[in-house]
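Values quoted throughout were computed directly from the atomic coordinates according to the rules given, and no laboratory measurement underlies them. Just so you know, these numbers come straight off a predicted model, no measurement behind them. Neighbour counts are summed over all protein chains in view; Cβ atoms, including those assigned to glycine, are modelled from backbone coordinates with ideal geometry.
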Amino acid sequence: MIKSVVIVGGGTAGWMTATYLKAAFGDRLDVTLVESARVATIGVGEATFSTVRHFFDYLGLDERDWMPPCSGSYKLGIRFQDWRAPGHHFYHPFERMRVADGFNLAEWWLKEGDHSRTFDLGCFVTPYLCEARRSPRTMDGSLFAASLDDSLGRSTLDEQRAQFPYAYHFDAALLASFLTEYGVARGVKHVVDDVVDVGQDERGWISHVTTQGQGRVAGDLFVDCTGFRGLLINKTLGEPFDSFEDVLPNNRAVALRVPRDPARNEIAPYTTAHAMDAGWIWTIPLYGRNGNGYVYSDAYCTPEQAERTLRQHVAPGMDDLEANHIRMRIGRNRRSWVNNCVAVGLSSAFVEPLESTGIFFIQQAIEQLVKYFPDARWDPALAESYNRRVAHVVDGVKEFLVLHYRAAARNDTLYWQDAKTRALPEGLAERLRLASSVLPDDHGIYPHYHGFETYSWITMLLGLGRQPARPRPALEHLDPARARAELAMVQSDARQLVAGLPSAREYLVSINEKGR
């Protein structure tokens, strides 16, 4: 029986792992987290997937409890600015597409839609809420989807739209501090010390870590949350790291923390990815500030140029703001579980933050770790299954991100021209060829679950400017009446929600004041 887990490294990855394991196994598992006071986390504003709510639910945390101390805000989707052409934008929302006569609205939009507006405004409600900066919750805390159903006489959301409609933005360092307090109160042992050595037994398995002040910390299973360093998985166990730089262009980032007064300034309920000459700039609106960063390729931009561009774009005149330069390790370990060590977070994989997958990778990894948790027999099939699942998820996200660069209509700099000529992951070329004739369905996207559904592929293809030459021929044989009614209902629902919901700022101010 595995009785003890030692997590090396804190931050979001370490404390999400520690608290989740404690929530899963309670006092039956001894959990120790070792972190250095001298090793800073990257600490940028984090944007997430809508599935992150499952993590907080598992811990029994209500968002009104953790959002205020973590500078939390809502994320209804991602706004892609200038990826198609200067001045053009579209949204990738947390909203599945409606269906009419067996075909989703994107198919019908190609044939029947108003092409004077962008595709997303024709097929989704969420972009209208983003444009109007609306909260996904009413002032009494109820979810906007429920209020829409009640007013229209629907008992529940249609099954086809039953997706949680938002994710979160939060300060990663503040969340780590919040989870530290939460975890320690529930029995996680917290060792603040520098790891100076990693001990191994005769098999090469990790037996203990040695800390500078408190000596040896032994355990049965070790979790590497040391970030890009990969102290246990790479430096100690020598697991190879496979780079994705052959297919993804960016390898560096520079970040700024830009203050904003929530009492006076509106809060955008979405992440922005703004295409630039040598990469893209993120804007993550937290409650009390914006997290901003320029993700770029150092083949086309120096760190000094990137910082100058970022400051001009998001913080003109704020020269005292400290810039955080980050060299990103893009790719994944060949295996994330080796012997008795499991890598979680940046020590396992990273594919750049374009679709906010960092926290998703952490969450997915720890959920799978609980599912495949070993016993004293250390059945190798458990580790093999874990590694296969982690690899499939990371490789699927990699392919989806490559799609962004390959499908983007932008072609005005050497950076963007290079992004379109890089190698493609196996199978993506064929999927893109088919997409020029017909929109993808469930069988036309990456063949393993990886977090992005068919509607996401369709949204990015149409939003970025790549669409089939003509609508699907089958639609010519169908009566378009129901599809036209559903397209009209999108507009009606959007108008009602925009008129009835509070602003994101108004709602967030209310829950922050209640939390004081």
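How much of the DSSP beta bridge set in the chain is antiparallel, as a percent to the nearest 5? Could you put the intermediate results ahead of the total?
Details: 55 of 75 bridges.
Antiparallel bridges: around 75 percent, rounded to the nearest 5.
Once Lys and Arg get +1 and Asp and Glu get -1 on their Cβ, which of 303, 411, 207 lies farthest toward the positive end of the dipole of the chain?
411
Just for the Cα atoms in region 182-288, what are the lengths along the principal axes, largest first, rounded to whole Å?
Ordered largest first, region 182-288 gives principal extents of 58, 43, 21 Å.
What number comes out for the charge environment of residue 176, summing +1 per Lys or Arg and -1 per Asp or Glu over other residues with Cβ under 12 Å away? Let's see the in-between values first.
Working: positive: none; negative: 35, 46, 171, 181.
With Lys, Arg at +1 and Asp, Glu at -1, the neighbours total -4.
Name the long-range amide H neighbours of residue 198: under 5 Å, sequence gap of 5 or more, or other chain; modelled H, no Pro or chain starts.
For residue 198, whose amide H was placed from the backbone, the distant partners under 5 Å are 210.
For the pair residue 245 and residue 304, how long in nm is the line joining their label points, each one 7 Å along Cα→Cβ?
2.2
Would you mind computing the Rg to Rh ratio of region 288-340 from its alpha-carbon coordinates, Kirkwood style for Rh? Kindly include the intermediate steps, with their values, before the conclusion.
Numbers: Rg = 16.0 Å, Rh = 13.7 Å.
Here Rg/Rh amounts to 1.17.
Taking 35 Å as R0, compute the FRET efficiency from the Cβ-Cβ separation of residue 263 and residue 37 and round it to 0.05. Please list the in-between numbers first.
On the way: r = 34 Å, r/R0 = 0.96.
Rounded to the nearest 0.05, the efficiency is 0.55.
Which order, highest average first, do 74-86, 298-310 follow once you tally other Cβ atoms within 10 Å for each residue and take the mean per peptide? Could you put the intermediate results ahead of the total?
Details: 74-86: 21.6, 298-310: 17.4.
Ranked by mean Cβ neighbours within 10 Å, highest first: 74-86, 298-310.
Multiply the residue separation of residue 117 and residue 210 by 0.36 nm, subtract the distance between their alpha-carbon atoms, and state the gained length in nm to one decimal.
27.4 nm
Amide H of residue 223: which non-local residues (sequence gap of 5 or more, or other chain) have their own amide H closer than 5 Å, using H built in the peptide plane?
Distant-sequence amide H within range of residue 223: 6, 7, 8, 342.
Please list 3J(HN,Hα) in residue order for region 182-192, calculated via the Karplus relation 6.51 cos²θ - 1.76 cosθ + 1.60 where θ = phi - 60°; whole Hz, with x for glycine and proline.
4, x, 4, 5, 10, x, 5, 7, 10, 10, 9
I need the peptides 323-331, 396-404 ranked by packing, meaning the mean over residues of other C-beta atoms within 10 angstrom, with the highest value on top.
Numbers: 323-331: 16.8, 396-404: 22.9.
Going by the mean number of other Cβ atoms within 10 Å, highest first, we get 396-404, 323-331.
Give a residue-ordered list of calculated ³J(HN,Hα) values for region 7-21 (Karplus: 6.51 cos²θ - 1.76 cosθ + 1.60, θ = phi - 60°; whole Hz; x for Gly, Pro).
Running phi through 6.51 cos²θ - 1.76 cosθ + 1.60 with θ = phi - 60° gives 9, 9, x, x, x, 5, 5, x, 7, 5, 5, 4, 6, 5, 5 Hz.
Report Rg(Cα)/(2.2 N^0.38 Å) for region 262-381, keeping two decimals. Mind showing how you got there, number by number?
On the way: Rg = 18.9 Å, N = 120, 2.2 N^0.38 = 13.6 Å.
Region 262-381 yields a ratio of 1.39.
Check the chain and count each lysine pair with an alpha-carbon distance under 29 angstrom, considering only pairs eight or more places apart or from different chains.
The result is 19.
How large is the convex hull of the Cα atoms of region 309-365 per residue, expressed in Å³ as a whole number? Mind showing how you got there, number by number?
On the way: hull volume 6.5 nm³, N = 57.
Roughly 114 Å³ of hull volume per residue.
Taking a virtual spin label 7 Å from the Cα of residue 379 along the C-beta vector, which residues in region 1-28 bring their backbone nitrogen under 20 Å of it?
Counting only backbone N, you get 1-4, 25.
Can you tell me the orientation of helix 303-314 relative to the chain, as the angle in degrees between its alpha-carbon axis and the longest Cα principal axis, to the nearest 10?
Relative to the chain, helix 303-314 is tipped by roughly 50 degrees.
Between beta-carbons, use under 9 Å as the cut-off and find the net charge around residue 241, counting Lys and Arg +1, Asp and Glu -1. Write down the numbers at each step before the final one.
Values: positive: 329, 332, 334; negative: 239, 242.
The answer is +1.
Once the Cα atoms of helix 481-500 and of the chain are each reduced to a long axis, what angle between those two axes, in degrees from 0 to 90 to the nearest 10, is obtained?
Between helix and principal axis, roughly 60 degrees.
When the helices in the chain are scored as -39500 (n - 2.57) per DSSP H run of 4 or longer and the sum is shared across all residues, what 222 nm value do you end up with, to the nearest 500 deg cm²/dmol?
Working: 16 runs with 177 residues, N = 516.
Computed ellipticity for the chain at 222 nm equals -10500 deg cm²/dmol.
Whose amide H sits under 5 Å from the amide H of residue 286, counting only residues 5 or more places off or on another chain, with H placed in the peptide plane?
Counting only residues 5 or more places away or on other chains, the set is 291.
Find the centroid of the Cα atoms in region 361-404 and in region 7-74, then give the distance between the two in whole Å.
When both Cα centres are located, 19 Å separates them.
Order 29-36, 358-365 from most to least packed using the mean count of other Cβ atoms within 10 Å.
Details: 29-36: 21.4, 358-365: 24.0.
In decreasing order of mean packing, 29-36, 358-365 become 358-365, 29-36.
Region 1-99: D in µm²/s via Stokes-Einstein (Kirkwood Rh, Cα pairs, 37 °C, 0.692 mPa s)?
Values: Rh = 16.8 Å.
D, rounded to a whole number, is 195 µm²/s.
Where the centre of each part is set by its Cα atoms, how far does region 425-468 sit from region 266-298, in angstrom?
Taking the Cα centre of region 266-298 as reference, the centre of region 425-468 is 25 Å away.
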